[in-house]
Ligand SMILES: C[S@@+](CC[C@H](N)C(=O)[O-])C[C@H]1O[C@@H](n2cnc3c(N)ncnc32)[C@H](O)[C@@H]1O
């Protein structure tokens with residue numbers, strides 16, 4: 001058996017404080033139970049030279065194992081442990097663009113970007129086809145996307161991304177951000193905003209962006225797509241095609257105000273009521289075998305309440321010990337947890 005050590009990104013450590021190492025262990029456990037076929041054992045926190053690492057043992061890691069692990073949300077570096085020494089192993093994250101796509105936007109209420117990556121990862125690994133994380137252009141929906149942290153992370157992985165948010169200011173801010181970023185990065189793209197009408201009334205607005213990672217790919221029509229819709233997520237079934245997404249990933253409203261964000265009657269519905277109404281609609285947007293990952297504030301809804309809503313909507317909740325190890329403190333009003341469920345194939 002060889003032993004390996006993961007050094008955690010300093011930024012990840014700062015944000016989650018004491019939870020960082022534990023969340024990394026939990027994320028690794030889900031990677032292990034899905035993509036690695038359970039070959040990692042003895043996942044532990046180990047101090048090496050006064051710095052915390054997540055360590056594990058495994059028979060030799062092959063290129064495919066390392067390709068998966070390269071995308072751990074907290075990964076800074078991966079080492080093989082050889083006696084007292086650490087031998088670096090080359091990692092190859094999926095990242096298709098510069099990291100400023102994810103880090104430039106800063107605003108009250110932004111979901112931490114490392115946490116967003118963690119949620120996207122474990123949701124993708126929980127579909128009926130975990131290898132899709134690496135080898136498919138997944139189609140991702142965040143039905144309460146704010147200013148697009150999930151959309152940007154999905155784009156970063158080379159996936160297609162769709163978001164919905166009721167807040168018009170978020171929609172405008174995201175449209176401005178994405179267009180400016182594409183221009184500054186000199187990436188070929190088209191972007192348009194169009195009204196969405198039904199029966200002569202306006203349901204919302206749609207931003208649709210098509211971009212090429214290179215000029216050649218753009219010309220050849222091998223593009224990535226980002227769509228953001230400014231509308232109520234409770235109308236998502238009228239706005240999007242059934243069974244058209246592999247993954248649905250969202251950080252639900254916390255039930256506390258962040259700065260100036262989110263007035264308006266629909267926004268003041270309790271988070272649990274909103275999820276109760278939305279989850280059955282969202283379920284229909286996922287393909288059979290697709291997965292839903294929701295993070296929420298446990299002060300406004302208990303885990304078993306939310307799990308029951310998911311089950312009642314015909315989803316299989318993944319609730320083994322590995323999936324129950326993600327609860328962490330965000331601030332004094334928010335303790336966040338994650339629930340993952342799959343649409344029966
Ligand atoms: C925790 S925030 C998500 C933040 C986002 N992940 C980001 O990083 O920008 C929850 C979002 O849910 C949105 N929301 C609340 N009720 C909604 C509804 N009925 N339909 C669509 N979006 C809604 C809010 O506007 C807010 O942006």
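The values are calculated or read from the model by the stated rules, or taken from the named source; none is laboratory data. This one's a predicted model, so the numbers in the text were calculated from it and none came from an experiment. So basically every Cβ, Gly included, is an ideal-geometry build from the backbone, and we count neighbours across all protein chains shown.
Annotations
- Some residue of segment 178-186 being part of a loop (DSSP other than H, G, I, E, B), more than 16 Å from the ligand (Cβ to nearest atom) and touching a residue at least 24 places away in the same chain (Cβ under 8 Å): yes
- If you check 127, 194, 210 for being more than 16 Å from the ligand (Cβ to nearest atom), in contact (Cβ under 8 Å) with a residue 60 or more places away in the chain and farther than 22 Å from residue 253 by Cα, only one passes: 127.
- Restricting 118, 155, 133, 151 to residues that are at pLDDT 95 or above, in a helix (DSSP H, G or I) and more than 16 Å from the ligand (Cβ to nearest atom) narrows the list to 133.
- Residues of segment 100-111 that are part of a loop (DSSP other than H, G, I, E, B), touching a residue at least 12 places away in the same chain (Cβ under 8 Å) and out of contact with any strand residue (DSSP E or B) (no Cβ under 8 Å at 6 or more places or on another chain): 104, 105, 107, 108, 109, 110.
- One residue alone among 186, 198, 222 is on the phi > 0 side of the Ramachandran plot and in the same structural domain as residue 284 (by TED's automatic domain parsing), and that residue is 186.
- Residue match in segment 74-88 (condition: surrounded by fewer than 24 Cβ atoms within 10 Å (Cβ to Cβ), in contact (Cβ under 8 Å) with a residue 12 or more places away in the chain and either within 16 Å of the ligand (Cβ to nearest atom) or more than 25 Å from residue 47 (Cβ to Cβ) (or both)): no
- Enumeration of residues in segment 8-42 that are modelled with pLDDT under 95 and in a strand (DSSP E or B): 8
- Residue check for residue 168: crowded, with 22+ Cβ neighbours inside 10 Å and within 16 Å of the ligand (Cβ to nearest atom): no
- Scanning segment 30-45 finds one or more residues that are under 22 Å from residue 335 (Cβ atoms), surrounded by fewer than 20 Cβ atoms within 10 Å (Cβ to Cβ) and in contact with a helix residue (DSSP H, G or I) (Cβ under 6 Å, 6 or more places away or on another chain).
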